[in-house]
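S.K.: The structure is given below, and queries will be raised subsequently.
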Amino acid sequence: DAGVTQSPTHLIKTRGQQVTLRCSPKSGHDTVSWYQQALGQGPQFIFQYYEEEERQRGNFPDRFSGHQFPNYSSELNVNALLLGDSALYLCASRRTGNTGELFFGEGSRLTVL
Amino acid sequence: RKEVEQDPGPFNVPEGATVAFNCTYSNSASQSFFWYRQDCRKEPKLLMSVYSSGNEDGRFTAQLNRASQYISLLIRDSKLSDSATYLCVVTNNTNAGKSTFGDGTTLTVKP
């Protein structure tokens, strides 16, 4: 039973560039959430996808966008990268209607130079 | 004010010590509560759920006070392997199960 998988694990970008991060949820899960975790802080909610639509969004600018595919996998896109976007980006999944445990991937560590 | 606030820490304790972490949340509509553990540069993993009746899992005890909007985690007989960051998590079922994390409290258990 595959858990949540994310790619890439590490990447380096420069200011102004764009990045796409990918996530495959745990088998049987259909809701995907994305979090940003800066050093020394807890994960901050970016948005949540279910049935290929954005259902909830945190306090992140429009530069952050996402997508969910029919197979429940998801992408996080960040445009016009800023130095402050450097963080660990975590994808988490659960089964819709189940407000129990969130299962996390190992994250994508983004460095913006 | 943050939706979920935790003790700032860090906590540095000797092996065998008892340590308690506190957490408060601001959204009274919150319905599910958890403690997650995060090791350095790793993803968060569920430690335990928190119920109003309180629950215990070995050396770990979690309690919830809905009236005060307060959650606690007690670790007894600390082990070196308990060293990690502990994240308080609140899930609001009225928002499609959005989970909000605190900033975490770092625990270091020393020999």
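S.K.: Averaged over A:32-42, how many beta carbons belonging to a partner chain fall within 10 Å of each residue's beta carbon? Mind showing how you got there, number by number?
M.R.: Values: counts 0, 4, 0, 4, 0, 7, 1, 0, 4, 4, 16.
The per-residue average across the peptide is 4.
S.K.: Okay, next question. Which value, in debye to the nearest 20, gives the size of the charge dipole of chain B about its Cα centre, when Lys and Arg are +1 and Asp and Glu are -1 at the Cβ?
M.R.: That gives chain B a dipole magnitude of about 140 debye.
S.K.: Another question, then. In peptide B:35-45, what is the residue-averaged number of other protein chain Cβ atoms found within 10 Å of each Cβ?
M.R.: Working: counts 0, 5, 0, 5, 0, 0, 4, 4, 15, 10, 4.
What the average comes to for B:35-45 is 4.
S.K.: Another one. Kindly report the accessible area of chain A per residue (heavy atoms of protein chains, probe 1.4 Å, no ligands, DNA or RNA), in Å². Before the final figure, lay out the partial values.
M.R.: Numbers: 5360 Å² over 113 residues.
So chain A comes to 47 Å² accessible per residue, rounded to a whole number.
S.K.: Roughly how compact is the stretch B:34-80, stated as its Cα Rg over 2.2 N^0.38 Å to two decimals?
M.R.: The value comes to 1.24.
S.K.: Let me ask another. Loop only by DSSP, 14 or fewer other Cβ within 10 Å of the Cβ. Give me the chymotrypsin sites (Phe, Trp or Tyr not before Pro) in the stretch B:1-75 that pass, ordered by residue number.
M.R.: Working: sites: B:11, B:21, B:25, B:33, B:34, B:35, B:36, B:51, B:60, B:70; in loops: B:51.
Those satisfying the criteria are B:51.
S.K.: Under a Cβ-only charge scheme (Lys and Arg +1, Asp and Glu -1), can you give me the dipole magnitude of chain A about the Cα centre, in debye to the nearest 20?
M.R.: Details: 10 positive and 11 negative charges, 68 e Å.
So the dipole magnitude of chain A works out to roughly 320 debye.
S.K.: For the stretch A:1-21, list residues with backbone N below 13 Å from a point placed 7 Å from the Cα of residue A:83 toward its Cβ?
M.R.: Of the residues in the stretch A:1-21, A:15-16 have backbone N under 13 Å from the label point off residue A:83.
S.K.: What whole number of Å gives the distance from the Cα centroid of the stretch B:1-75 to the Cα centroid of the stretch A:1-21?
M.R.: With the stretch A:1-21 and the stretch B:1-75 each reduced to a Cα centre, they are spaced 30 Å.
S.K.: Could you work out the mean projected area of the convex hull around the alpha carbons of the protein assembly as shown, in square nanometres to one decimal?
M.R.: Numbers: hull surface 50.1 nm².
The number I arrive at for the protein assembly as shown is 12.5 nm².
S.K.: For every other residue with a beta carbon closer than 13 angstrom to the beta carbon of residue B:31, add +1 if it is Lys or Arg and -1 if Asp or Glu, then tell me the sum.
M.R.: Details: positive: B:66, B:98; negative: none.
Neighbourhood net charge equals +2.
S.K.: Now for a separate question. Report, in debye and to the nearest 20, how large the dipole of the protein assembly as shown comes out about its Cα centre when Lys and Arg carry +1 and Asp and Glu carry -1 on their Cβ. Provide the component values of the computation, followed by the final result.
M.R.: Values: 22 positive and 22 negative charges, 66 e Å.
Dipole magnitude for the protein assembly as shown comes out near 320 debye.
S.K.: If you average the alpha carbon positions of the stretch B:78-111 and of the stretch A:71-113, how far apart do those two centres end up, in angstrom?
M.R.: Centre-to-centre (Cα) distance: 18 Å.
S.K.: What translational diffusion coefficient, to the nearest whole µm²/s, does chain B have by Stokes-Einstein, given a Kirkwood radius computed over alpha-carbon pairs, a temperature of 20 °C and 1.002 mPa s viscosity?
M.R.: On the way: Rh = 14.1 Å.
Once the numbers are plugged in, D ends up at 152 µm²/s.
S.K.: Can you find, among A:14, B:40, A:29, the residue farthest towards the positive end of the dipole of the protein assembly as shown? Put +1 on the C-beta of Lys and Arg, -1 on that of Asp and Glu.
M.R.: A:14
S.K.: Further question: Where does chain A land on Rg/Rh, using Cα atoms and the Kirkwood Rh? Could you put the intermediate results ahead of the total?
M.R.: Values: Rg = 13.2 Å, Rh = 13.9 Å.
In chain A, Rg relative to Rh is 0.95.
S.K.: Let me cross-check residue A:29: its accessible surface, 1.4 Å probe, with only protein heavy atoms counted, in Å² to the nearest 10?
M.R.: 20 Å²
S.K.: Run the reach check for residue B:45 against lysines, Cα to Cα strictly under 26 Å, same-chain hits fewer than 8 apart removed. What comes back?
M.R.: Cross-link targets: A:26, B:2, B:79, B:98, B:110.
S.K.: Still on this model: Residue A:46: accessible area at probe 1.4 Å, nearest 10 Å²?
M.R.: Surface open to solvent at residue A:46 totals about 0 Å².
S.K.: Considering only the protein assembly as shown, what is the antiparallel percent among its DSSP beta bridges, to the nearest 5? Kindly include the intermediate steps, with their values, before the conclusion.
M.R.: Values: 71 of 79 bridges.
Within the protein assembly as shown, antiparallel bridges account for around 90 percent of the total.
The values are calculated or read from the model by the stated rules, or taken from the named source; none is laboratory data. Because the structure is predicted, anything quoted here is derived from the model rather than measured. All Cβ positions, glycine included, derive from the backbone under ideal geometry; neighbour counts span all protein chains shown. All accessible areas refer to the heavy atoms of the entire protein, side chains included, with ligands and DNA or RNA removed. Shrake-Rupley method; radii C 1.70, N 1.55, O 1.52, S 1.80 Å.
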